[in-house]
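The values are calculated or read from the model by the stated rules, or taken from the named source; none is laboratory data. Computed from a predicted model, the values in this text were never measured in an experiment. So basically every Cβ, Gly included, is an ideal-geometry build from the backbone, and we count neighbours across all protein chains shown.
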């Protein structure tokens, strides 16, 4: 049976207000920027609200998308702005057909929008350790609770919701895969915020056991709460792996970075999805990840890379060595990863899930 709204020519596009918790670079922000940029503007007209201005807000403005950001980021007070923006959110919700809020960090704004009467999609991208009453209420009151993976949906299985859907994260597929052999030292990369949960220390321990010559590069922000962790990582790298381990801020040119990457490793201790894995696979790069959470959904073990037992540096080092020593294996796994992304995580296909969800909610009885 054809979708009741898919073939209908809409008189005007749905007005969707996207609320994103942070205008700096980050996983959730990257996911939603791709979605918003890929929308069919004949079906959806987006407006994006941030609690403060930043690079993500500027990028969307350059695409001609209406962006509202309440001033600059204030040191130590930026978290508070997620709450002080609620009056602006409710005012904008009056003109919106759908309000799409992202992140567990926006539980109070999500609940406020639902109580205000807006049709809300509350989109969860994280696996919180504690399921507080506020977060539970925000999920239950939303017209739809959306999750970035089945792992994420299962994490919230005990929370009742009016409607639940899985909206998998997606990327734009690059045009070309083949990279010329530069003859340089192989480059192993990890992308993601520098913190204990992301597990950079696990990769550092394993890299000390790697026999093949290679460089290890970490790219990511360091939050206030992770500064001691980051200092410990740097000190350990300088002591045992001087000249082979490098730390960088997050890059705006992920595709350019991946073009120079031979292997991507993701050693999170807790992960709802693993966006960096999908980005690397799309670029034809083999990946290694911990065998847990959403990473098990993304990586096909021994096909697109390897899944390893968390906290086993010897096994992780062995898998890294296997791939560093065999360029042909890297290429085969990279191509398999690219095809897996084409089948499951292509934004040109997955954006239709958003269109159909919005149109279904718009016409649903309340």
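Per-structure values
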{"read-out": "Among the candidates 234, 211, residue that is surrounded by fewer than 21 Cβ atoms within 10 Å (Cβ to Cβ), assigned by TED's automatic domain parsing to the domain that holds residue 319 and in a loop (DSSP other than H, G, I, E, B)", "value": "211"}
{"read-out": "Lone unmet requirement of (1) at pLDDT 95 or above; (2) part of a loop (DSSP other than H, G, I, E, B) for residue 90", "value": "(2)"}
{"read-out": "Any chance residue 126 is surrounded by fewer than 22 Cβ atoms within 10 Å (Cβ to Cβ) and not in a helix (DSSP H, G or I)", "value": "yes"}
{"read-out": "Breaking point among (1) assigned by TED's automatic domain parsing to the domain that holds residue 310; (2) under 30 Å from residue 365 (Cβ atoms), for residue 162", "value": "(1)"}
{"read-out": "Residue within the range 31-50 that is on the phi > 0 side of the Ramachandran plot and in a loop (DSSP other than H, G, I, E, B) present", "value": "no"}
{"read-out": "Total residues in the range 337-366, condition in a helix (DSSP H, G or I) and more than 24 Å from the chain's Cα centre (by Cα)", "value": "4"}
{"read-out": "Sole residue being surrounded by 19 or more Cβ atoms within 10 Å (Cβ to Cβ) and closer than 16 Å to residue 105 by Cβ, chosen from 65, 20, 36", "value": "20"}
{"read-out": "Subset of the range 53-70 [at pLDDT below 95 and closer than 23 Å to residue 116 by Cβ]", "value": "69, 70"}
{"read-out": "Residue under evaluation residue 247, criteria (1) touching a strand residue (DSSP E or B) at 6+ places or on another chain (Cβ under 9 Å); (2) surrounded by fewer than 17 Cβ atoms within 10 Å (Cβ to Cβ); (3) assigned to a loop (DSSP other than H, G, I, E, B), criterion not met", "value": "(3)"}
{"read-out": "Index of the failed condition, residue 97 passing every other in (1) crowded, with 22+ Cβ neighbours inside 10 Å; (2) modelled with pLDDT of 95 or more", "value": "(1)"}
{"read-out": "Any hit, the range 102-112, residues being surrounded by 21 or more Cβ atoms within 10 Å (Cβ to Cβ), part of a helix (DSSP H, G or I), touching a residue at least 24 places away in the same chain (Cβ under 8 Å) and out of contact with any helix residue (DSSP H, G or I) (no Cβ under 8 Å at 6 or more places or on another chain)", "value": "no"}
